[in-house]
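Beneath this line is the structure, given in structure tokens, with notes to follow.
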Amino acid sequence: MDQFPAGRASFDPAPPVAERLWRHVIDLLESERAEIAGRDVSAPVDVRRLRAAIGAYDFGRPERPDDVIEDVAELLRAATVHTTHPRYFGLFNPTPTLLGVVGETLAAAFNPQLAGWSHAPAAAEIEAHLLRFLGGRLGYPPGKVAGSFTSGGAEANLTGVLLALTRTWPRYGAEGLRALPGRPVMYASAESHLAWLKIAHATGLGRDAVKLVPTGPDLRLDVERLAHQIAADQADGDLPFLVVGTAGTTGAGVIDPLPELADLCADLGLRFHVDAAYGGAAALSDRLRPALAGIERADSITLDAHKWLSVPMGAGALLSTDAEGLAEAFRVTTSYMPDDVPDTVDPYTSSHQWSRRFMGLKLFLSLAVAGRAGYAEQLDHDADLADDLRDRLAATGWTIVNDTPLPVVCFTDPGDGTWEHHDALAQRVVGSGRAWISPVRLDGRAALRACVISHRTTPADIEELVQAVNDARK
Ligand SMILES: *Cc1c(COP(=O)(O)O)cnc(C)c1O
């Protein structure tokens, strides 16, 4: 009677059957939440066994959903770096908020189509409202904020480049790069996120058009060297058009000198983009916001909600005050898309994606429930934990090598500065299952990197990490 139906009837089973499955999923998610801290953060994976387990599904006969869900959960448990673990001190992968997971589920079930406004007025307006809120915290006049949610920071950065090309050379859109009177070049620091190279490849700029400007010893973009490089390129006949400042570099979490970069761009008439994929979240904290000073002068800003704002993958955003520029960069008309509704923007005509998911809901729910102050409290807490980590590492003989108010801690063993040593230390820590950290090269020098990115991390987890790195060094 309440057997789960097989075949196409499984698409939409009767209420009691569907409810039982949901209850199973809820029990599973709750037991994951309860058990995660007691597990190893990661474990070695046998690729052959993993592929064999997955390959056993040939989709030849229907399976029971409870069995498949348990089986998949086991695969994910065994073969995933547990970024939801309190001692995942890794890349910018957060533990998602509970409301973020709920938001993902609601968005999936309602499945609003965010290409055209008229198909999804509620979803489109929720995202527009969020962008105005985020833009306002970053220092844009809220009434002027334009932009879109993106698959992530890489798409947002791509959007920033397309906007800059479109605005700098009105002929670019119709005639392409070959209409330009020379070779366009752009600038980012050597510590910037290398999505810039893929973007240059895809846009036809070419990878060589990205000039990675050396940093000073503080790992910030060296503005003087940047100015020299721009002058030299201009003398060579190249066409500088865009400078990128990074607010929270991926390696060391440092913030480039944004006011100086904004000044330089204003002087030279260049576009200015700030990649705040990770660090932009700091705008929600009154204590941390001053570190982003100058970001409000950027022509466009990248901010990933799926990093320090702790919503599930993926939710990036591109913010700008240039609605017309975005509309020009992505303009298109079709006979089959519904006509636009007055005083609204169809997302597909001002962003890269066409059909797309309602990415903003998970952030909307998380923010509405925690409140801006709740987020600020979490961000400040993470920054405090990182200070605690710096103190404990320094007290046990490590050298801290990065300077940032954001919770990214990079440290070296003064006894042996080689990459091999730091790589081996990280492998030993990760291999122990006690924590996840990574080796990193900063301005060419080896270090270990630990980012406080899970809202589950406690002072006891910091203590455990310090013990794990000290044990690894023994
Ligand atoms: C993560 C990151 C990116 C890329 O963003 P995705 O969300 O991975 O696409 C770009 N820039 C910086 C500074 C980042 O930290």
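The values are calculated or read from the model by the stated rules, or taken from the named source; none is laboratory data. Note that the coordinates shown come from a computational prediction; the quantities given were computed from them, not determined experimentally. Glycine gets a Cβ as well: all are built from the backbone with ideal geometry, and neighbour counts include every protein chain shown. All accessible areas refer to the heavy atoms of the entire protein, side chains included, with ligands and DNA or RNA removed. Shrake-Rupley method; radii C 1.70, N 1.55, O 1.52, S 1.80 Å.
Can you tell me which residue is farthest from the ligand (Cβ to nearest atom) among those in the range 205-252 that are more than 26 Å from the chain's Cα centre (by Cα) and part of a loop (DSSP other than H, G, I, E, B)?
That would be Gly237.
Could you list all residues from the range 226-249 that are open to solvent by 10 Å² or more (accessible area, probe 1.4 Å) and more than 19 Å from Asp263 (Cβ to Cβ)?
Correct list: Ala232, Ala235, Asp236, Gly237, Asp238, Leu239.
Looking only at the range 438-462, count how many residues are in a loop (DSSP other than H, G, I, E, B), farther than 11 Å from Val408 by Cβ and touching a residue at least 12 places away in the same chain (Cβ under 8 Å).
Adding up the residues that qualify gives 6.
Could you list, in sequence order, all residues of the range 179-204 that are within 15 Å of the ligand (Cβ to nearest atom) and among the β-branched types (Val, Ile, Thr)?
Ile199
Name the residue, out of Asp416, Asp340, that is at negative phi, at pLDDT 95 or above and open to solvent by 30 Å² or more (accessible area, probe 1.4 Å).
Step by step, each of Asp416, Asp340 is checked, and only Asp416 is at negative phi, at pLDDT 95 or above and open to solvent by 30 Å² or more (accessible area, probe 1.4 Å).
Of Thr302, Thr349, which residue is farther than 30 Å from Asp382 by Cβ and among the β-branched types (Val, Ile, Thr)?
Only one candidate qualifies: Thr349.
Which of the residues belonging to the range 28-46 are closer than 25 Å to Asp66 by Cα and β-branched (Val, Ile, Thr)?
Across the range 28-46, the qualifying residues are Ile36, Val45.
Just wondering, is there one or more residues in the range 254-273 that are more than 11 Å from the ligand (Cβ to nearest atom), touching a residue at least 12 places away in the same chain (Cβ under 8 Å) and closer than 20 Å to Cys410 by Cα?
The answer is yes, given that some residue of the range 254-273 is more than 11 Å from the ligand (Cβ to nearest atom), touching a residue at least 12 places away in the same chain (Cβ under 8 Å) and closer than 20 Å to Cys410 by Cα.
Here are Ile54, Ile36, Ile26, Ile69: which of them is out of contact with any strand residue (DSSP E or B) (no Cβ under 6 Å at 6 or more places or on another chain), β-branched (Val, Ile, Thr) and under 18 Å from Arg456 (Cα atoms)?
Ile36
Looking at Thr344, Thr333, Thr349, which is the one that is hydroxyl-bearing (Ser, Thr, Tyr), touching a Lys or Arg at 6+ places or on another chain (Cβ under 9 Å) and more than 12 Å from the ligand (Cβ to nearest atom)?
Only one candidate qualifies: Thr349.
Restricted to the range 110-165, and to residues that are β-branched (Val, Ile, Thr) and part of a helix (DSSP H, G or I), which residue is most open to solvent (accessible area, probe 1.4 Å)?
Among those that are β-branched (Val, Ile, Thr) and part of a helix (DSSP H, G or I), it is Ile126.
Quick check on the range 149-178: of everything there that is near the ligand (Cβ under 10 Å from one of its atoms) and not hydroxyl-bearing (Ser, Thr, Tyr), which residue is farthest from the chain's Cα centre (by Cα)?
For the range 149-178, the residue satisfying everything is Leu158.
Just give me the residues in the range 343-385 being buried (at least 17 other Cβ atoms within 10 Å of the Cβ), of a type in the set (A, V, I, L, M, F, W, C) and in contact with a Phe, Trp or Tyr (Cβ under 8 Å, 6 or more places away or on another chain), in sequence order.
Answer for the range 343-385, where residues must be buried (at least 17 other Cβ atoms within 10 Å of the Cβ), of a type in the set (A, V, I, L, M, F, W, C) and in contact with a Phe, Trp or Tyr (Cβ under 8 Å, 6 or more places away or on another chain): Val345, Phe358, Met359, Leu367, Leu379.
From the list Arg357, Arg331, Arg390, Arg297, which one is within 21 Å of Pro96 (Cα to Cα), touching a residue at least 12 places away in the same chain (Cβ under 8 Å) and not hydroxyl-bearing (Ser, Thr, Tyr)?
Arg357
For the range 280-321, which residues satisfy the criterion of being away from the ligand (no atom under 16 Å from the Cβ) and open to solvent by 20 Å² or more (accessible area, probe 1.4 Å)?
The answer is Asp286, Arg287, Arg289, Pro290, Ala293, Glu296, Arg297, Asp299, Thr321.
Go through the range 1-104 and tell me which helices (runs of 4 or more DSSP H), entirely inside it, have 3 or more residues that are at pLDDT 95 or above and open to solvent by 90 Å² or more (accessible area, probe 1.4 Å).
Here the list reads 15-35, 47-55.
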